[in-house]
Amino acid sequence: MATVIDRRGGAAPSHDGERKRATRPLEALNFFMADMQAGIGPFLGVFLQQRGWTAGPIGSVMTAGGVAGMLMTVPAGAFIDHTEKKRLVVIVTGICTVMASFLILLSQAGWVVTISQVATAIAGAAIGPAVTGMTLGIVRQKGFNAQNGRNQAWNHAGNMVGAGLSGYLGWRFGMPAIFYLAAAFGVLAITSVLMIPEKAIDHRAARGLEKGDDDAAEGGQAEGFRTLIRNKPMLVLAAALACFHLGNGAMLPLYGLAVIGAGKGDAALFTATTVVVAQAVMIVASLIAMRMSAGRGYWLVLLISFAALPLRGALAGTFIEHWGVWPVQALDGIGAGLQSVAVPGLVACLLNGTGRVNVGQGAVMTVQGVGASLSPAIGGWLAQALGYHIAFYILGSFALVSVALWVVFAGVVREACAAAQA
């Protein structure tokens, strides 16, 4: 095999050959980490509801986890930028996520559930940037949009399969079976990451410093956090995402609680259906986003994703019925599927050459995490005080601010979004 000499003096194998060996297990990792990453995930609400919890406290423990994850995203991104042990990060966080989920099986005491959610959120804050960094290090900036689109399609497929199996196993054997499925997916995810050749990952490229960039990149000097603050398109993106997730974060668990609480669905099967419908649509949406981003840039992709939430909130508030899961969760799939490709792709483009790509991913995740972490508590207490119908209308309206920001500041973000396809 042809070799090239890297700047550190070592012989590196042909990147094309290593990339081909690495992309398949990378896609498998994205498939299996889907069920592992959030543990019991959307089933947590109905699991606790069956054990006497009400909507307000359920939302509060989810918010505790969200806040912990939010606080860890930037430090996790900075760590991923500097470490060359990205595969080990995925392995350790996967083990921690599974163990944290099993804590809930042992006890449903408030402090135990809170600790479990905090641990799961911290692990999730690290595993996301780690996989993004590995992807960028394997395929580089030029191939990132296409590979990230495929990664997200496999990730959504994993979520869909995991939710479907969780629903069946929960219905057939009881809710605890879902935890064992998460553990099995965790083992398969760890196996997948071990199949990725370590030498296939260019750790300079993984942080946005590629050979042949500008002089700063050639010198290997990573810019500081001021790079993020002075990047206006990133600030607009982060603010729009924060408002979107303030409304979106509580929608899925709250809709499950509303329908099941009204006695209109089996807990495990209905919750599984909410996830399967959304993830099936996300597979298609992520592939469409990959093509749209390559042809038209990211601005239109993100505008459509923001606009999906107000309509989703209106439908959820109007139709709290078993069949409502189809339109409500299809709109979730459109919004989340488009963003899963557009957001990391745009951030990677905006920070290319700075050496702070994964810090940037973490910074955006932190700001949007402010919304996502507050959403379950806001939604839970709104539902308890005003009813589910009003709660959904209010949650959906938060994304109108996202749409307004994205349109008003179109002149700031359009050029950056269009540049991402170059």
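The values are calculated or read from the model by the stated rules, or taken from the named source; none is laboratory data. A quick note: this is a predicted structure, and the numbers were derived from the prediction, not measured. Because the Cβ atoms are built from the backbone with ideal geometry, glycine has one as well, and the counts that use them run over all protein chains shown. The accessibility values were calculated without ligands, DNA or RNA, using every heavy atom of the protein model including side chains. Shrake-Rupley method; radii C 1.70, N 1.55, O 1.52, S 1.80 Å.
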- Query: Going from the alpha-carbon gyration tensor of the stretch 263-422, what semi-axes, largest first and in whole Å, does one get by taking the root of 5 times each eigenvalue?
  - Reply: 31, 17, 15
- Item | Size of the stretch 330-369 as Cα extents on the principal axes (Å, biggest first) | 37, 19, 10
- Given +1 on the Cβ of Lys and Arg, -1 on the Cβ of Asp and Glu, and no further charges, what dipole in debye does the chain carry about its Cα centre, rounded to the nearest 20? 280
- Note on the structure: Output for the stretch 239-313 (equivalent-ellipsoid semi-axes, sqrt of 5λ from the C-alpha gyration tensor, Å, descending) is 28, 16, 8
- Cα gyration tensor of the stretch 331-422 - equivalent ellipsoid semi-axes, whole Å, descending: 31, 15, 11
- Once every DSSP H run of n ≥ 4 in the chain is given -39500 (n - 2.57) and the sum is divided by its residues, what mean residue ellipticity at 222 nm do you get, rounded to the nearest 500 deg cm²/dmol? -27500 deg cm²/dmol
- Query: Which whole-number value in Å² is the accessible area per residue of the chain, probe 1.4 Å?
  - Reply: 39
- Correct option for semi-axes √(5λ) of the Cα gyration tensor in Å [calculated from the coordinates] among (i) 38, 33, 23; (ii) 35, 24, 18; (iii) 32, 25, 22: (ii)
- Note on the structure: Count of lysine pairs, the chain, Cα-Cα under 25 Å, sep. 8 or more residues or interchain, comes to 15
- Message: Tell me whether the stretch 93-179 comes out rounded, prolate or oblate; compute the Cα gyration tensor, take square roots of the eigenvalues as a ≥ b ≥ c, and use a/c under 1.5 as the rounded threshold.
- Response: oblate
